[in-house]
Each structure stands twice: as C-alpha cells, then as structure tokens.
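Enquirer: Okay, here's the structure, questions in a sec.
The values are calculated or read from the model by the stated rules, or taken from the named source; none is laboratory data. This one's a predicted model, so the numbers in the text were calculated from it and none came from an experiment. Methodologically, a virtual Cβ is constructed for each residue, glycine included, from the backbone with ideal geometry; neighbour enumeration extends over all protein chains shown. All accessible areas refer to the heavy atoms of the entire protein, side chains included, with ligands and DNA or RNA removed. Shrake-Rupley method; radii C 1.70, N 1.55, O 1.52, S 1.80 Å.
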Amino acid sequence: MEDNIDTILFHKSTKFVFSDQDNSKLSWIAMGMTAGVYAVWTMFVVPGFRKVPWKLKVPYLPSGKAQTANVLKLLQGRKGRLVDLGSGDGRLVLAAAPLGFQGTGYELNPILTNWANAKAWWKGFSKDQATFLREDFWSADLSKYKNVLVFLAPSVVEELEKKLSAELPEDTRVIVCRFPLSEWQPTCTEGAGLDQVWAYDLVNLKKSPDHNQSQQLI
C-alpha cells in the first residue's frame, strides 16, 4: 500500500469500466467491481470518523518508502518517546523502532490499529518499542513526547498548531509529511514533491517574537 489507496482502487476498477468491449455483462462486472473496491476503501476510511468533529476528520493516506526514509533522516540524532498522530497501518512507528525510539501511534480505525499491532508483534517489538492505540489524539495529552510525526490534511493545520504549541515541551521536534505547517518556520527539510517532509524544533519556535505574540492572543 505504498500509493494512495483511493488511487489504487480507482485504477483497478476503471480498467474494466473503460474497456473497448461494449458488452452488458462487462458493464455489470464493472459495476460490481467498483462497488466492491469502494466497500473495501470505506472499511479503511470510515471507522472511527463519527468520534471526531467533522472539520478534524482526515482520511487514511499512507506514507511511501521515500517519504518514510526522509522521516528517518530527520529523526537522526534524536532520542526519547515518539508519537505518530494518525498512524494508519503503523509503518512510521515501526520504521523508527529499530532506531531505539519508544513509539506510540494514535489511530481511530480499528482495522488499521489491529493490523499495526499485529505487525509490531510479528517483528518482535515490545509494547515499549511500538504500540498502537485506538484513541483520538485530539483528546490526548502529548506533553510526554519528544518526537511527533504528522501526516494529516491542510484543513486541520491551524487547530493542530494550537494543540502542539500548547502541549509540547521546548525540546520536541515535530516532523510533518507532505503538507507543511502554515504559521511555523521549519528547522530543516528532506525530499521534494509528494515525498517532502519538514522538521520543526519547538525550542526555535517558542523563542520567536511571532510565536510569543500569538500565544498572548490565544
């Protein structure tokens, strides 16, 4: 599942829909395939959504190999507890575990949460190394984490910045995939295009005049 799951499923279904054969049987097969693949897609996207306010809902969008590698580069030299906000199938937490991180993933989808925990068990990781919680990270206290991984949608950036700024200690690094934070200045970045990731060090952000002024306005 290295590509967007919606893209994969759409490709599989349209292979039949746009066939040169104008045959009613093939049309029915195409309709059945489309319904089937979107049923699978719904299993991954919908569960847990009703627990989160509409404006904070984000569909499942897994990280690719290049993006995962870029995240690991920005974690080099870092230590402490790590959290992935919206961890999906757990690939980022599992990739960081061999580097010595104590990783936790927050994910509301029970299918993805169970799959991630099963992979962690299969790989021999302890609960301290990699564990996945079926909980809403918007309601969680993130103050104990020194490394925060984020791969969410632009629509939630503003609320996310407020939460991270209020809860995270100064020695925390926030690593964001694909969609950079709008009001924060990154410390460094890796990759380009869809695989680009950004690192934000709270120690730099909380010293900036703009950050201090925004905190006074909250």
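Enquirer: Scan Ala35, Ala66 and give me the residue that is open to solvent by 30 Å² or more (accessible area, probe 1.4 Å), aliphatic (A, V, I, L, M), outside any loop (DSSP other than H, G, I, E, B) and modelled with pLDDT of 60 or more. Before you say what the answer is, go through the steps one by one.
Expert: On the way: Ala35 fails: modelled with pLDDT of 60 or more.
Testing whether each residue is open to solvent by 30 Å² or more (accessible area, probe 1.4 Å), aliphatic (A, V, I, L, M), outside any loop (DSSP other than H, G, I, E, B) and modelled with pLDDT of 60 or more leaves just Ala66.
Enquirer: I would also like to ask the following. Check whether at least one residue in region 164-178 is at pLDDT below 90, closer than 15 Å to Asp84 by Cβ, in a loop (DSSP other than H, G, I, E, B) and among the basic types (Lys, Arg), and report yes or no. Talk me through it step by step, then tell me what you get.
Expert: Start the filter on region 164-178 by keeping residues that are at pLDDT below 90, which leaves 178.
If we keep only those that are closer than 15 Å to Asp84 by Cβ as well, we get 178.
Then drop every residue that is not in a loop (DSSP other than H, G, I, E, B), which leaves 178.
Adding the requirement that they be among the basic types (Lys, Arg) leaves 178.
Yes.
Enquirer: Follow-up. On the given criteria, is Trp115 in a helix (DSSP H, G or I), under 16 Å from the mean Cα position of the chain (by Cα) and closer than 27 Å to Tyr200 by Cα? Quick ask: steps written out before the conclusion?
Expert: On the way: in a helix (DSSP H, G or I): yes; under 16 Å from the mean Cα position of the chain (by Cα): yes; closer than 27 Å to Tyr200 by Cα: no.
So Trp115 fails the test.
Enquirer: Still on this structure: Could you say which residue among Leu94, Leu142, Leu108 is assigned to a loop (DSSP other than H, G, I, E, B), without any contact (Cβ under 8 Å) to a residue 60 or more places away in the chain, open to solvent by less than 30 Å² (accessible area, probe 1.4 Å) and touching a helix residue (DSSP H, G or I) at 6+ places or on another chain (Cβ under 7 Å)?
Expert: Details: Leu94 fails: assigned to a loop (DSSP other than H, G, I, E, B); Leu108 fails: without any contact (Cβ under 8 Å) to a residue 60 or more places away in the chain.
The conditions single out Leu142.
Enquirer: For region 151-168, which residues satisfy the criterion of being within 22 Å of Leu194 (Cβ to Cβ) and of a type in the set (Gly, Ala, Ser)?
Expert: If the condition is that a residue be within 22 Å of Leu194 (Cβ to Cβ) and of a type in the set (Gly, Ala, Ser), then Ala153, Ser155 are the ones that fit.
Enquirer: For region 166-180, give me each residue that is open to solvent by 10 Å² or more (accessible area, probe 1.4 Å) and of a type outside the set (Phe, Trp, Tyr). I'd like the intermediate steps shown before the answer.
Expert: So the first thing to find is which residues in region 166-180 are open to solvent by 10 Å² or more (accessible area, probe 1.4 Å), and the list is 166-167, 169-171, 173, 178-180.
Passing the criteria: Ala166, Glu167, Pro169, Glu170, Asp171, Arg173, Arg178, Pro180.
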